[in-house]
Amino acid sequence: MEAESIRTESRFHSDTVTKYLLMGIAAVAVSIVFFIILFILGNSIGAMTDTGIRDLLTGSRWLPSKDLYGMLPIITGTLLVTAGAILFAVPIGVAAAIFISEVAPPRFRSVLKSISEVFAGIPSVIYGFFGLTVLVPLLRDTFPNHLLMGNSWLAGSILLGIMALPTIISVSEDALGAVPRSYREASMAMGATKWETTIKVVTPAAISGISAAVILGMGRAIGETMAVMMVCGNSAIIPDPIFDVFSRIRPITATIALEMPYVVVGSTHYSALFFLALILMIMVLAISIASKSIVNRTRKKFGEAENRPSLVDLMIAKLPIRLVNGSKSAFAVAGLFLISYLIAIAFLNPFWAAVIGISVTVAVIASSLLWLNSLKKKGISVRPRSPSEFIDCIPIKTKDIFRRILTYLLMIAFVYMGTSLFYDGTVAVMAGLAVAAVYAALMLTFRGIDSRIIQKIAHTVLLVVMAFAIFLLVYILADIFIEGLPLISWDFLTGYPKDAGRAGGIYPAIVGTLKLIVGSMAIALPLGIVTGIFLAEYAKDTPFTRTVRNSIDILNGTPSIVFGLFGMSAFVVYFGFGYSLIAGCITLGLMVLPVIIRTTEEALKAVPKELREGSMAMGATKWETTVKVVLPAAIGSVITGVILSIGRVAGETAPIMFTAVIVYQRAISHSILDPVMALPYQLFYLATEGMGSSAMQSAVATVLLIIVLSMFVLASVVRHYFDKRIKW
Amino acid sequence: MNENTKLILAVAVTAIVCIAGTYVAMTGSDGDDPSGTTLSVAGSTTVLPLMGLYQENYEKYTNVTLEVSGGGSGAGASAVINGTASFGMLSRDLKGGEIDSGLKATVIAKDGVAVIVGANAGVTDLTLEQIAKIFSGEITNWADIGGTSGAIAVNIREDGSGTRDCFDTVMKGAYAAYDIPADTNEVGSTGAMVTAVEGNPTAIGYISFGALGNLTTATDISVNGIAATTDNVVSGDYELQRNLILATMGDPSGPVLDFFNWILGPQGQQLAVKSGFIAVKPVAV
């Protein structure tokens, strides 16, 4: 009897020990984020003291060889290229999402979703290769007078838009699917057609989720390195006029990737690049916070609130309400000024643009105050304390008029900007007015047409857009496969490179990629699965847990180039590993860590609690339950997550560019302190060098694609197999 | 199949995959010798193909392995200073700052920088001043200098390029107002420059003599009436020329010194000549 009770007690003591052990391991994720921020901040201080933050941010010439580090053109480059990508991706992405969610027959829904997931899995260096070999020549032939070389902002935005599509499609589709059926049913019950329901009820209801999708897509575009570097032209200039999409442009990520190879560690140039990475991180963080608060607001609206206030909500809840409203108003005024200033600066010089900015802001504030006064005279007493309250006061008819005026103004502006690149100013203005007139005429005619015909037209348009998206994907893959497959032979796959890597076989690259996969998984799997277990089973809602979750979110959003920079400064330089396999493996492992943590956590959470309760009721400790009951039940999703991470690791270039790769190696070394060849970097090197036949480049791309895509297929097969086995 | 059989099967499959993977990782080394030395090299894309030739020939009778990456002359110097390469390749002489950091140069060959133009340019000779004006954006149409009408698409190399360094220095010497506009198309390597000029019939650019063999539709032009040939570089008439050097931290020693001596020997120099460069020591016959 006594022996039994002692044994039971000690088993449950060990459970507490296990919990703290797991907390320790989960804390590793937090410390990684801390170290990344530390290294990046620490290394950028040199630039901040040498040149001064103001000169760095507002200087307009970036010429390191003459000690000029003006980052304004580069930061503008990131903003412009992202804006263009969003303009391209949002219409196509949201249309495709609406098609998948509302129009497509249910049978095709999963097929279409899988197709967009494949889009997401294609490595960015492949997109860059496609851009370099197909898109850029195409643009050059289409606009011979404007694009002497084809490399341009336009090429970069189109490519980034294609890459942001999967994110936008999948998150929007989720948002549309989350709209309760009752909304649709109520609308149809009142006699609306399916299309009218979709466009006037469902989409507005899902608008928060769609905005979150757009913001997440922006985050993806901002952090993208390889593809944009290969097609943007890489001139650090601000286009003139600012909407000249044919101009060459250089975003932050491309600057870091292009110049890192030749900076001397510790120099001002080195530090300036880290400062750029810092700015990038801040942008990405802002986006992540914005999207999370939007998603939370959506969840609350539809009743799925998780009682987990976002960081921003928490901060706001603690402040006095006057301060919050005051700052909201201040932001609104500042935003008004900024928008009118930015629009004006496209046409006028800064002084007049500022004048216009101030006049517009003053006019808006004055007219709102006058209008509020007139309401008071009518006896309606309103005291809006913040911009949102103010907007609520405006009658719906007025809001409608404003909305219409805004639509027309935007339409005219965009047509003007596009046309003025080809013809002179007056023609452009005429074109803008003409398009607006045509649009107005169309709206009037459509009002009279039978709503079922409108539905047919709308559905057909959506189908065309969806087909176009699929066509893009198929074209990219086919183009690469057709040129590359003939070159793939046993000799190619097992032979060694010749002629400084531009001919011969790619065996070392394949082996290098495999080694990177194994190494990064060795680091990410134990850490990730254990942290996932901690978050799913042991974590309570404490500040520690919230810190862990926030750290993982930050890691998840960090661009791959920032990981590369961190890996280089930490493992190559600081720890002295030099360019080595181990540096690459650690960097890649850290990069996929958040994915593994998240998939494990979700997989474990999906296991119903009855299983745990049954096991504990039989006397098992929490750890025994987790390891012997819950984990095996969730193993399918965990494996799927692992396989998808392997696909990601195989395709990433930026993290290994400064940590582990070389382009030419005549023998495979066995030391983890030696660098390796890797498929994605080999493709990048061959494609940008322009040497080695284009067939050889396509062949390397084909091998890489086959590896990545087969990981995808494997993941789906595994998921399917384990889904069948679920017994609850 | 019951659960036990499935488990055994899964373990067996995993074991086979692991063993296969280890086999793959362990074998297949073409000339790998665990007791050999590994030297890492980085730098100029001009010298890169030559280094590849060196590697194939040198490794035949030694057990030294070379691990090569590009990046440009600036990257070569930085890699040696940062300690990530055993020696660097540069297509220019060392700059003051690099010498101050302790780098020492070994000249292995001389090279010329050829000015290349696209197929529709219609010129075969230009003066240094005309070239400088083109790159400064002052001359914008081929017709202005006697060619076929067409907008000139200017291409330059990246900031850290040794080829660019040589070109800019000579241009600045020939035309005091030489200043490259900020929005000129920049390419990152010799190969990329070839692609750029080949791909656009009205383009202009500059490459090393060693890359001239890769041109198909683009052509090189003579400068001030002097053709881009190795003889003209040797005689000194062709002004766009520079040293190809290998940079080490301090004087070379050990396996690096042995390698350098071989490069400066008859066989190594012959390979340089074969690649289109100019030898600096006697060549094997």
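If only residues of the range B:160-205 that are assigned to a strand (DSSP E or B) and facing another protein chain (nearest Cβ under 7 Å) are counted, the one that is surrounded by the fewest Cβ atoms within 10 Å (Cβ to Cβ) is B:ASN185. In the range B:183-224, what residues are out of contact with any helix residue (DSSP H, G or I) (no Cβ under 8 Å at 6 or more places or on another chain), closer than 15 Å to B:GLY112 by Cα and not hydroxyl-bearing (Ser, Thr, Tyr)? Passing the criteria: B:LEU212, B:GLY213, B:ILE221. All told, A:VAL81 meets the bar of being assigned by TED's automatic domain parsing to the domain that holds A:ARG250 and crowded, with 17+ Cβ neighbours inside 10 Å. Evaluate the range B:57-68: report whether one residue or more is more than 13 Å from chain A (Cβ to nearest Cβ) and either more than 28 Å from B:THR202 (Cα to Cα) or not in a helix (DSSP H, G or I) (or both). Yes, the range B:57-68 contains at least one residue that is more than 13 Å from chain A (Cβ to nearest Cβ) and either more than 28 Å from B:THR202 (Cα to Cα) or not in a helix (DSSP H, G or I) (or both). Looking only at residues of the range B:69-83 that are surrounded by fewer than 24 Cβ atoms within 10 Å (Cβ to Cβ) and in contact with a Gly (Cβ under 8 Å, 6 or more places away or on another chain), we find that the one that is nearest to B:GLU158 (Cα to Cα) is B:ILE81. Scanning the range A:43-56 for residues that are surrounded by 14 or more Cβ atoms within 10 Å (Cβ to Cβ) and away from chain B (no Cβ under 14 Å) gives A:SER44, A:GLY46, A:ALA47, A:MET48, A:ASP50, A:THR51, A:ASP55, A:LEU56. In the range A:658-669, the count of residues that are without any contact (Cβ under 8 Å) to a residue 60 or more places away in the chain, within 14 Å of another protein chain (Cβ to nearest Cβ) and either under 14 Å from A:GLY584 (Cβ atoms) or assigned to a helix (DSSP H, G or I) (or both) is one or more. Here the range A:140-184 is the region considered, the condition is being in a helix (DSSP H, G or I) and among the β-branched types (Val, Ile, Thr), and the residue that is farthest from the other protein chains (Cβ to nearest Cβ) is A:VAL171. Residues in the range A:678-702 that are over 23 Å from A:PHE658 (Cα atoms), assigned to a helix (DSSP H, G or I) and either under 27 Å from the mean Cα position of the chain (by Cα) or within 12 Å of another protein chain (Cβ to nearest Cβ) (or both): A:SER694, A:SER698, A:THR702.
For A:ASP491, the stated conditions hold: it is modelled with pLDDT under 85, assigned to a helix (DSSP H, G or I) and not basic (Lys, Arg). The residues in the range A:66-86 that are touching a helix residue (DSSP H, G or I) at 6+ places or on another chain (Cβ under 9 Å), polar (S, T, N, Q) and within 14 Å of another protein chain (Cβ to nearest Cβ) can be counted, and the count is 0. Restricting attention to the range A:521-554, the residues that are among the β-branched types (Val, Ile, Thr), more than 29 Å from A:LEU280 (Cβ to Cβ) and assigned to a helix (DSSP H, G or I) total 3. Selection of helices (runs of 4 or more DSSP H) fully inside the range A:329-421 by the criterion of at least 1 residues being among the small types (Gly, Ala, Ser) and touching a residue at least 24 places away in the same chain (Cβ under 8 Å) returns A:387-393, A:396-420. The set of residues from the range B:220-279 being surrounded by fewer than 19 Cβ atoms within 10 Å (Cβ to Cβ) and on the phi > 0 side of the Ramachandran plot comprises B:ASN224, B:GLY225, B:GLY236, B:GLY250, B:GLY254. Counted as qualifying within the range A:567-641 are the helices (runs of 4 or more DSSP H) with 3 or more residues that are of a type in the set (A, V, I, L, M, F, W, C), within 14 Å of another protein chain (Cβ to nearest Cβ) and buried (at least 20 other Cβ atoms within 10 Å of the Cβ), namely A:581-606. A count restricted to the range A:27-58 and to residues that are under 25 Å from the mean Cα position of the chain (by Cα) and of a type in the set (A, V, I, L, M) stands at 11. If you filter the range B:69-96 down to residues that are more than 10 Å from chain A (Cβ to nearest Cβ) and hydroxyl-bearing (Ser, Thr, Tyr), you find that the one that is nearest to A:PRO497 (Cα to Cα) is B:SER86.
A count restricted to the range B:143-159 and to residues that are surrounded by fewer than 17 Cβ atoms within 10 Å (Cβ to Cβ) and either more than 30 Å from A:SER694 (Cα to Cα) or more than 10 Å from chain A (Cβ to nearest Cβ) (or both) stands at 5.
Taking the listed residues A:LEU644, A:LEU683, A:LEU673, the one that is at pLDDT 85 or above and of a type in the set (A, V, I, L, M, F, W, C) is A:LEU683, with no other qualifying.
Taken over the range A:486-517, the criterion of being among the hydrophobic types (A, V, I, L, M, F, W, C), closer than 30 Å to A:VAL642 by Cβ and more than 26 Å from the chain's Cα centre (by Cα) is satisfied by A:ILE488, A:TRP490, A:PHE492, A:LEU493, A:ILE506, A:ALA509, A:ILE510, A:VAL511, A:LEU514.
The values are calculated or read from the model by the stated rules, or taken from the named source; none is laboratory data. Everything numeric here is computed off the predicted structure, so don't read it as measured data. Heads up, the Cβs are rebuilt from the backbone with ideal geometry, glycines too, and the neighbour counts pull from every protein chain shown.
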